[in-house]
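Visitor: One structure follows; several queries about it will come next.
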Amino acid sequence: MTPAVDLASRWLGASVMSASDESFGDKENLLKPSPAAFEPGHYGNRGEIVDGWETRRRREVGHDWAIVRLGAPGIITSVDVDTSFFTGNYPQSVSVEACGHEGYPSPAELAGPLAGWETIIPQAAVTGDGHNIFDVTDRRRFTHIKLSAYPDGGIARLRVYGEVVPDPRGLDRLTVDLASQAYGGAVIASSDAFYSSASMLNRPDRARTMGEGWETQRRRDGGHDFAVFRLAFAGVLRRVIIDTAHFNYNASAAVALYGCTKEVPPEQDSPDWVPLLERARLQPDTRHVYDLAGTDPLTLVRLDAFPDGGVSRVRLIGTIDQDARRRAGYRWFNALPVGQATQCIANAGLAAEQAADIAAQRPLSEHWLSEQMNSTDAADIAILAGMLEGRRWEAP
């Protein structure tokens, strides 16, 4: 099972676009990657300095809210409303809404009547100074969320966990980092997380400190460490980048790379692991680039690190397999809210009425598209084939 990722992480590019009020604590604090901290007795012009989003005491009817653009659109599985250190000034309750939009809507557009917000967490009580975790059962793909706080108060952090569902339309014929969290790649296993997690390895940013990489404890046996990546898309690898940035005295001495076409990682000594990169020496605090011979489309990659130590980032650069692109297209389109699905088809060139009709027929499949070839205009079929499957369609 792929681990949930924080879709609202600043590492992925999320942003708090707007808020009803931020008199005591900035709205941007909601998405700070670090856990909340608080040192009492420190005051500024707005009162005691808090590490969170805190609004003024509301004296009129209504409630406060903040709108967040997710760094990676996806299916939300749970939300953590963290009220750490807010004890006498946290909201009585919260709710969460979500919507899906094409492009880059403005705060005014998202606050307007046509935004299409859907409630994914009904209004529910929260406790102070703790993590309030709510499960989400809606399986649609969303791009933005709206956190409402009733009637006012402070929230330290907001985490929106889920599965990244990338839009594959912009990836056709491109070479990309197939392991990146931005597309849904994940570290699904590792030998050690003593100092920091191997999940740091496929973050799309550059490490700023040694603490933002993967560091294992010192080995006293004859073994070595490893991390297993599930690629966002099955694909053909062309290049690997191994970055030991900031690891000056404790970088791994060498690495080797193996690939696999299975869905479940086999045992380390299984012949299903195909060598991609023979054991290669690493230098401290260095970005290493190695070209790879063309491979079969891979789904899993294992990095072996000898004997222990630290690696900050791993990039697995390649091209998306056509079958994987097709599956990604249907998964993406079938998960869209109906308004966004309709807009996608209309933007591609189909009539508004026809776009609405197709969106209402979801979930679509390859079989559905083949059936349309006898009843739909060839130009429209070509548009749908390009959007859903990333391929050119020509009339037989």
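Read-outs: derived from the displayed coordinates by stated rules, not from any lab. Quick caveat, the model's predicted, so the values are computed rather than measured. Glycine gets a Cβ as well: all are built from the backbone with ideal geometry, and neighbour counts include every protein chain shown.
Visitor: Return the residue satisfying two criteria in turn: it lies in segment 38-51 and is surrounded by 13 or more Cβ atoms within 10 Å (Cβ to Cβ) and not in a strand (DSSP E or B), and of such residues it is nearest to the chain's Cα centre (by Cα). Please lay out each step first, then the result.
Guide: Residues of segment 38-51 surrounded by 13 or more Cβ atoms within 10 Å (Cβ to Cβ): 38, 46, 48-51.
Checking which are not in a strand (DSSP E or B) leaves us with 38, 46, 49-51.
Values: Phe38: 28, Arg46: 34, Ile49: 31, Val50: 28, Asp51: 24 Å.
The extreme case among them is Asp51.
Visitor: Now for a different question. Pick from Arg56, Arg139: which is basic (Lys, Arg), in contact with a Ser or Thr (Cβ under 8 Å, 6 or more places away or on another chain) and in contact (Cβ under 8 Å) with a residue 60 or more places away in the chain? Lay out the reasoning, then the answer.
Guide: Details: Arg139 fails: in contact with a Ser or Thr (Cβ under 8 Å, 6 or more places away or on another chain).
None of the others qualify; the one that does is Arg56.
Visitor: How many residues does segment 1-36 contain that are touching a residue at least 60 places away in the same chain (Cβ under 8 Å) and outside any loop (DSSP other than H, G, I, E, B)?
Guide: The number of residues fulfilling the criteria is 11.
Visitor: Can we say Gln322 is out of contact with any Leu (no Cβ under 7 Å at 6 or more places or on another chain), in contact (Cβ under 8 Å) with a residue 60 or more places away in the chain and over 28 Å from Thr299 (Cβ atoms)?
Guide: no
Visitor: Tell me, please, whether a residue that is acidic (Asp, Glu) and in contact with an Asp or Glu (Cβ under 8 Å, 6 or more places away or on another chain) can be found in segment 217-236. Spell out how you get there, then give the answer.
Guide: Let us first name the residues in segment 217-236 that are acidic (Asp, Glu), namely 221, 225.
Now drop any that are not in contact with an Asp or Glu (Cβ under 8 Å, 6 or more places away or on another chain), which leaves 225.
Within segment 217-236 (the criterion being acidic (Asp, Glu) and in contact with an Asp or Glu (Cβ under 8 Å, 6 or more places away or on another chain)), the answer is yes, since at least one residue qualifies.
Visitor: Being buried (at least 16 other Cβ atoms within 10 Å of the Cβ), touching a Pro at 6+ places or on another chain (Cβ under 7 Å), among the small types (Gly, Ala, Ser) and closer than 29 Å to Gly235 by Cβ is true for just one of Gly386, Gly329. Which residue is that? Walk me through how you get there before you give the answer.
Guide: Details: Gly386 fails: touching a Pro at 6+ places or on another chain (Cβ under 7 Å).
Sole residue among the options that is buried (at least 16 other Cβ atoms within 10 Å of the Cβ), touching a Pro at 6+ places or on another chain (Cβ under 7 Å), among the small types (Gly, Ala, Ser) and closer than 29 Å to Gly235 by Cβ: Gly329.
Visitor: Among residues belonging to segment 339-351 that are of a type in the set (A, V, I, L, M), in a helix (DSSP H, G or I) and free of Cβ contacts under 8 Å to residues at least 24 places away in the same chain, point out the one that is surrounded by the fewest Cβ atoms within 10 Å (Cβ to Cβ).
Guide: We begin by selecting, within segment 339-351, every residue of a type in the set (A, V, I, L, M); these are 341, 345-346, 348, 350-351.
Next cut, in a helix (DSSP H, G or I) only: 341, 345-346, 348.
Filter once more, keeping what is free of Cβ contacts under 8 Å to residues at least 24 places away in the same chain: 341, 346.
Values: Ala341: 24, Ala346: 18.
Of everything passing the filter in segment 339-351, Ala346 is surrounded by the fewest Cβ atoms within 10 Å (Cβ to Cβ).
Visitor: What are the residues in segment 352-377 that are surrounded by 12 or more Cβ atoms within 10 Å (Cβ to Cβ) and part of a helix (DSSP H, G or I), if any?
Guide: Gln354, Ala355, Ala356, Asp357, Ile358, Ala359, Glu366, Trp368, Leu369, Gln372
Visitor: OK, next. Please enumerate the residues belonging to segment 131-140 that are surrounded by 14 or more Cβ atoms within 10 Å (Cβ to Cβ) and out of contact with any Lys or Arg (no Cβ under 9 Å at 6 or more places or on another chain). Break it down stepwise before answering.
Guide: Narrowing segment 131-140 to residues surrounded by 14 or more Cβ atoms within 10 Å (Cβ to Cβ): 131-132, 134, 136, 138, 140.
Asn132, Phe134, Val136, Asp138, Arg140, listed by residue number.
Visitor: Let me ask you something else. Please find, within segment 282-302, the residue that is nearest to Ala251 (Cα to Cα) out of those that are of a type in the set (Ser, Thr, Tyr) and assigned to a strand (DSSP E or B). Give the derivation first.
Guide: Here is the first cut: in segment 282-302, the residues of a type in the set (Ser, Thr, Tyr) are 286, 290, 295, 299.
Narrowing the set further to residues that are assigned to a strand (DSSP E or B) leaves 290, 299.
On the way: Tyr290: 18, Thr299: 27 Å.
Looking at the filtered set, the residue picked out is Tyr290.
Visitor: Which one of the conditions (1) within 30 Å of Ala207 (Cα to Cα); (2) in contact with a Gly (Cβ under 6 Å, 6 or more places away or on another chain); (3) not small (Gly, Ala, Ser) does Arg313 fail to meet, given that it meets all the rest?
Guide: Condition (2) is where Arg313 drops out.
Visitor: So Leu110 clears everything in (1) under 21 Å from Gly13 (Cβ atoms); (2) in contact (Cβ under 8 Å) with a residue 12 or more places away in the chain; (3) surrounded by fewer than 17 Cβ atoms within 10 Å (Cβ to Cβ) except one condition, right? Which one?
Guide: (3)
Visitor: Let me ask something else about it. Suppose we keep only residues that are buried (at least 16 other Cβ atoms within 10 Å of the Cβ) and not basic (Lys, Arg) within segment 25-37. Which one would you say is farthest from Leu147 (Cα to Cα)?
Guide: Only one residue fits best here, namely Ala36.
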